[in-house]
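The values are calculated or read from the model by the stated rules, or taken from the named source; none is laboratory data. Please read all numbers here as calculations on a predicted model, not as lab measurements. Cβ sites come from the backbone with ideal geometry, for glycine too, and all protein chains shown count toward neighbours. Areas reflect the complete protein model, heavy atoms only, side chains present, ligands, DNA and RNA absent. Shrake-Rupley method; radii C 1.70, N 1.55, O 1.52, S 1.80 Å.
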Amino acid sequence: MEHFTFLFAIFVSILTLSYVISVKFKFPVIPVYIVAGILVSLLFHIHDIHIFETLGVILLLFYIGLEFSIAELQRNFKSIISVGLVDLTFNLIPVFLITRLLGFDPFTAFVLAVILYPSSSAIVSKLLIDLRKLANPEVDTVLAILVFEDIAAAALLAFLVNFSNGAATTTETLGILAKIVLFLLVAVVFVMNAGKLVDFTFQKIGTSTEFVVLFVATLLFLIVEATIGFGLSESIGAFIAGMLFAESNYKEKIESVVIPYRDLFGALFFLTFGLSINLEKFSFSVILPLFVLLSVSFFTKILTGLVSVKFYGLGKRRGLSAGLMLLPRGEFSILVAATTPKLIPFTAIYVLISSILGSIALKESSKILDFFFKKKVKKKSKLTRSQLLGD
């Protein structure tokens, strides 16, 4: 216990200093948290940090789920499938082909494609919250893509885990997919019918801060545990739990008590992610593949945004904005890399660079959009005032 409290005290002190630095230099705070974690990892070897990572992802995705109601999901179901398939096609296939051209064997090329495919739900959601962009019209498209990516990445991860253990038979792969579909069907039915139960509970017991925290936490972690039991990512369960409470009439009260926990454990997630990066295992031989794949994967995400927003009736400007929101990679990439240990150093550097560049791109998105979509200035008439007046 003493070790845990000492570790926690050190972590929150580093986070506070990192936040002050980010404010002082007007720089996105997420990369600062990650770099702080890397610097700490060079000085100390710290273990037992997984709980911070897990809680950070859960609370960030739960909060995003609160902004995504089931009614909206039903209205946009076809669009979610459509943009999800566009995202999967644009980001998995090109990266696989490029990695093959770079000389990687088919299996390694496929793993790299899966690593570079999903955007970081945790990083993107934190940026959208911090930069106050949740109200932007293209955010619906981005959230739809992130939801689809979480499901697809979970299935791909399960497949790679089975394959690495030599058990990826066709029957077992189909079984994994069947579990995912079954879980989602059960989750949707549950969310559609449990919202009234949540309101009934609050009406009977009250909405004191203590009870709201305990009740929300209970349902949140029960749903997350059910998700893990189905072999899926805890992030999907957290998002579904958020959608459940999004249907409640007490949504604003729930948000007010969740935000402090989201901020604390979200910051801890990015710090511990930096701690997990071991620069000593990085080889200079990966610099060229890193540069090529970083360029390709950024381009394909931008292209994804430009095409996907059309399903929501939005134009090119919003499409480019959506593409910029999708640039950072993170937690899923690291999980996938763990199935192939030789790719972990490459993945760590890629995630760090993409999270930094992606954070900067999203922060400066207004300037980037103005650069590419300059408003046409009307030319002044060369006629004299008397000619215009018909004198």
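Give me the percent of accessible area attributable to carbon and sulfur for the chain, probe 1.4 angstrom. After summing per-atom areas, the C and S share lands at 68 percent.
Pairs of alpha carbons in the stretch 279-377 separated by more than 21 Å make up 42% of all such pairs.
Taking 7 Å steps out from each Cα toward its Cβ at L102 and V292 produces label points 0.7 nm apart. Between L134, L39, L61, the residue with the greatest mean-square fluctuation in the GNM of the chain (Cα pairs under 10 Å linked by springs) is L39. Under 17 Å from a label point 7 Å along Cα→Cβ of F373: give me every residue in the stretch 290-324 with its amide N that close. Counting only backbone N, you get 302-324. Site pair N278 and L185 shows an inter-label distance of 4.4 nm when each label is modelled 7 Å from Cα along Cα→Cβ. All distinct Cα pairs of the stretch 20-63 go into the 1/r average, and the inverse of that average, the Kirkwood radius, is 12.2 Å.
Ranking V292, V29 by solvent-accessible area of protein heavy atoms (1.4 Å probe, all protein chains present), from largest to smallest, gives V292, V29.
In summary, the convex hull built on the alpha carbon positions of the stretch 1-118 has an orientation-averaged projected area of 11.8 nm².
Rounded to 0.05, the FRET efficiency of the F4 and R317 pair, given R0 = 45 Å and the Cβ-Cβ distance, is 0.40. With the helix formula -39500 (n - 2.57) applied to DSSP H stretches of n ≥ 4, the chain reaches a computed 222 nm mean residue ellipticity of -25500 deg cm²/dmol. Its Cα gyration tensor gives the stretch 240-291 an equivalent ellipsoid. The semi-axes, each the square root of 5 times an eigenvalue, are 40, 14, 7 Å from largest down. The charge dipole of the chain, taken about its Cα centre with unit charges on the Cβ of Lys, Arg, Asp and Glu (plus for the first two, minus for the last two), comes to roughly 2260 debye. Computed 3J(HN,Hα) for the stretch 243-258, one whole-Hz value per residue from the Karplus formula 6.51 cos²θ - 1.76 cosθ + 1.60 where θ = phi - 60°, is 5, 4, 6, 5, 7, 7, 6, 9, 4, 5, 5, 4, 4, 5, 8, 7, glycine and proline marked x.
Extension gain, L357 to A71: 0.36 nm times the residue separation minus the Cα-Cα distance gives 99.5 nm.
Considering only Cα atoms, the convex hull volume of the stretch 176-241 works out to 69 Å³ per residue. Compared with the alpha-carbon gap, the fully stretched path from K78 to T201 is longer by 40.9 nm at 0.36 nm per residue.
Backbone geometry of the stretch 197-206 corresponds, through the Karplus equation with coefficients 6.51, -1.76 and 1.60 at θ = phi - 60°, to 3J(HN,Hα) couplings of 5, 4, 5, 4, 5, 5, 5, 7, 8, x Hz, x marking Gly and Pro.
Checked against a 24 Å cut-off, the cross-linked pairs K133/K374; K24/K367; K24/K301; K26/K253; K310/K374 give Cα-Cα distances beyond that limit for K24/K301; K26/K253. Between K24 and F44, the C-beta separation translates, for a Förster distance of 25 Å, into a calculated FRET efficiency of about 0.50.
Loop-located GluC sites (Glu not before Pro) in the stretch 262-366 (DSSP state other than H, G, I, E, B) with a sparse environment of at most 14 neighbouring Cβ atoms within 10 Å: E364. Calculated FRET efficiency, T89 and R132, Cβ-Cβ r, R0 41 Å, to nearest 0.05? Computed FRET efficiency for T89 and R132 comes out at 0.80.
For the chain, how big is the tail of P(r) above 40 Å, as a whole percent of Cα pairs? When every Cα pair of the chain is considered, 17 percent fall beyond 40 Å. Which one of G37, G206, G323 has the biggest mean-square fluctuation once the chain is modelled by GNM with Cα springs under 10 Å? Top of the fluctuation ranking is G206.
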